[in-house]
Amino acid sequence: MNMDTISAPRIEVVAQDGGGYGVALSGRWTLEMLTRQMTELKPALAGHAALTNVAWNCLDIEAMDSAGAILLWRAWRRKLPAMLQARPEHLHIFERIDSADHQPAVSAISNSPHRIITAIGGSVLNLIHNLSDFIALIGQLSLDAAYLLRRPRDMPWREITANLYKSGVRAMPVTALVGFLIGIVLSYLSALQLKRFGADIFIVNILGLGIVRELGPVLVAVLVAGRSGSAMTAQLGVMRVTEEIDALATMGVSQSLRLIFPKVVALALAMPLLVLWATAMALLGGMVAAQIQLDLAYGFFYESLPRAVPVANLWIGLLKGFVFGVLVALVGCHFGLRVRPNTESLSANTTASVVTAITAVILVDAIIAIATRGLGLP
Amino acid sequence: MSAPPVSAAVSILDLSTRFGDVWIHRHVNLEISRGEMVALVGGSGSGKTTLLRQMIGLLAPTEGDIRLLGEPLYGGGLERERALRRRFGVLFQHGALFSAFSVYDNIAFPLRELRALDAGDIHDLVMLKLAMVELLPRHARLMPAELSGGMVKRVALARALALEPELLLLDEPTAGLDPDRSGNFVRLIRVLGEELGLTVVIITHDLDTLTALASRVAVLAEQHILAFDSLDKITGMDHPFIHNFFLGGRRQHALST
């Protein structure tokens, strides 16, 4: 006999002396062999097992692993057949499976309509937990601020300046580029319309108000939420996974004072500056496009800007920058602290952090817009 | 009845490894027969884990050749390499469980990747493997983050055994376990190894593990295999490294028990 025919798992039907019939199994009933022949073996086994009074001869099975045993076990409907001849080491595998079968079963998760209600309840509870954690975070930061007022020596200057550099200075190129391009696009589109009405000069009003009061702060907030907010979440999350936060706690270092407070302060300081920077760049882009499209001189644009846009708008823009900065940092840290030690949770919380930060920024922007509707409009 | 052709489980031929300018191994030769339980020992930084990573095809040696179960690790197309990789199981030092999967899905993952078994087969196999490593069905729902160190190792062992390997490679299987758990885990490895007829290669620092498990010990030092023999013979050898490793004062008691 050659090796190949021996190795493959085989099923043979043999006549029994007493008139019944027997099934002889041979070959290697191992996972490696079975995967090639699963489609033929399963129905064949099931066909034989469905009949009663079948004698099973497994003595010629060369090798059997638990995958092969499971295949037979399932064909035999989870019990040894009445007439079975098998080698002791193979019987031992079946004993193992049998005892695994008799372990207390775990109730499956039911698929009833209650599940939907449970899911809704779960997400409501989740929202409440999120909100209460968020409020607790704000409370903790207020306590930290009060503590620092009493003990200014403990001010985490190094962390604040490091964060200022990371989320402020390093964000300057991208905010400048995006601001400049948005300025060009906005100016170009407005110019096309204004030209038709001969209202060229009002480009200064449109750009000035739109960018300084609204677009600058929101644009920067969205960029910073994607850039620094996600980084804060990921950093705190990984620090939780690697137990660095626990290590800090055991050294008696307050995690909120050393990790969260500096991030919030740094972004609260950096964001108004970034807003100013991006607004200037956007206005510059607008000026360039207006010059090309409408032949509007740079000098004229520059001089009429203060007349068209009262300075209150700039203060509103900077205020928004401050509020958005605090918001993005708080949301980023909040989700960072919620990361559980696994990869899935890290990615879910980083996504949640960015999405929540941007949504919150737009929401707060709308609130500020309503609250300041009487201010700064000529 | 004919036995499968007998080739060594692991054969390493004249292997050398270089990282940058530093030679980690030079002319390493090692042949492990089927059914053996071999421990690979060596000081920290002697390149044990590097050698293991080379054995399982995660790192190509600079020079030399490695054959597992009689077949070369590389070449012969993706299909052949994949088929060979399914014939050995690896237990990584920290378990390397997929943290996004439950215990059940961790063990079921390699089985699902075969694309030959249906959900029922996989369920039965996973439950059997869990029972084999002495875990309960209710543990199947837990996430890796919820497991203790000993349970992580057990689940990782169950996953390594999922594809019915012929060869099992263990990297520091008892690191980070208390002596009691470590003893239990070693006993489990020995019982399963004998029952399933596995060839087992263990990297370890732990003398208790070594004495309980290994039929032979390979000592990796001075960039090559210094000795490969039974524990008794090795402890009798007169070499400074072996002397320090096995007979250092505080370790005496582990051998005497």
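For this structure, a couple of remarks:
- Between amide H atoms placed 1.01 Å from N, distances below 5 Å from residue A:27 occur with A:10, A:62, all of them 5 or more places distant or on a separate chain.
- Quotient of Cα Rg and 2.2 N^0.38 Å for the stretch A:44-97, N being how many residues it contains: 1.04
- Only helical runs count toward this figure. For the protein assembly as shown, summing -39,500 (n - 2.57) over DSSP H runs of n ≥ 4 and dividing by all residues gives -18000 deg cm²/dmol at 222 nm.
- Cβ-derived FRET efficiency at R0 35 Å, residue A:243 paired with residue A:151, nearest 0.05: 0.80
- Fewest-first sequence of A:188, B:104, A:165 by Cβ atoms within 10 Å of each Cβ: A:165, A:188, B:104
- Less than 5 angstrom separates the built amide H of residue B:34 from those of B:9, all sequence-distant by 5 or more or on a different chain.
- Taking θ as phi - 60° and the Karplus parameters 6.51, -1.76 and 1.60, the scalar couplings of the stretch A:268-276 work out to 5, 7, 6, 4, x, 5, 5, 4, 4 Hz in sequence order, x denoting glycine and proline.
- Percent breakdown of C-alpha pair distances by 10 Å bin, ordered from the shortest bin, for the protein assembly as shown: 3, 12, 16, 16, 15, 14, 11, 8, 5, 1, 0, 0
- A simple spin-label model places pseudo-atoms 7 Å from Cα toward Cβ; at residue B:21 and residue A:302 they are separated by 5.8 nm.
- Cβ-Cβ FRET estimate between residue A:44 and residue A:78, R0 fixed at 22 Å, reported to 0.05: 0.75
- For the options A:211, A:116, A:184, a Gaussian network treatment of chain A with springs between C-alpha atoms closer than 10 Å singles out A:116 as fluctuating the most.
- In this rough spin-label picture, where each label sits 7 Å from Cα along the Cβ direction, the residue A:60-residue A:13 distance is 1.6 nm.
- Within chain B, the selection of entire DSSP H helices by a Cα span of 15 Å or greater along the long axis and an average Kyte-Doolittle value of at least 0.5 returns B:119-132, B:149-161.
- Distance histogram in 10 Å bins (all Cα pairs of chain A, percent per bin): 5, 17, 17, 12, 10, 10, 10, 9, 7, 3, 1, 0
- When the alpha carbon gyration tensor of the stretch A:144-300 is reduced to an equivalent ellipsoid, its three semi-axes come out at 44, 15, 10 angstrom, largest first.
- Listed values for the stretch A:186-191 are Karplus-derived 3J(HN,Hα) couplings in whole Hz (6.51 cos²θ - 1.76 cosθ + 1.60, θ = phi - 60°), namely 4, 5, 5, 5, 5, 4, and x replaces Gly and Pro.
- When chain A is treated as a GNM with alpha-carbon contacts under 10 Å, the residue of A:30, A:175, A:343 showing the greatest mean-square fluctuation is A:30.
- Our summary gives the stretch A:3-101 a relative contact order of 27 percent, counting only alpha carbon pairs under 8 angstrom and 6 or more residues apart.
- Our coupling estimate for the stretch A:228-243, obtained by passing each phi through the Karplus curve with A = 6.51, B = -1.76, C = 1.60 and θ = phi - 60°, is 8, x, 5, 5, 4, 4, 5, 5, 5, x, 5, 5, 5, 4, 8, 6 Hz, Gly and Pro reported as x.
- For q = 0.09, 0.11, 0.16, 0.17 Å⁻¹, Debye-computed log10 I/I(0) when each Cα of the stretch B:10-256 counts as one equal scatterer: -0.40, -0.60, -1.22, -1.33
- The H on the amide N of residue B:91, modeled in the peptide plane, is under 5 Å from the matching H of B:169, B:170, B:171, each at least 5 residues off or on a different chain.
- Remark: the residue A:21-residue A:140 segment gains 34.9 nm on full extension, using 0.36 nm per residue and subtracting the alpha carbon distance.
- Descending by average beta-carbon neighbour count within 10 Å, the peptides B:166-174, A:59-67 line up as B:166-174, A:59-67, the highest first.
- The stretch A:124-371 - percent relative contact order, Cα under 8 Å, separation 6 or more: 33 percent
Bear in mind these aren't lab numbers, they're just calculated from the coordinates by the rules spelled out. The shown structure was predicted, so the numbers you read here are calculated from the model rather than taken from an experiment. All Cβ positions, even for glycine, are placed from backbone atoms using ideal geometry, and neighbour counts span all protein chains on display.
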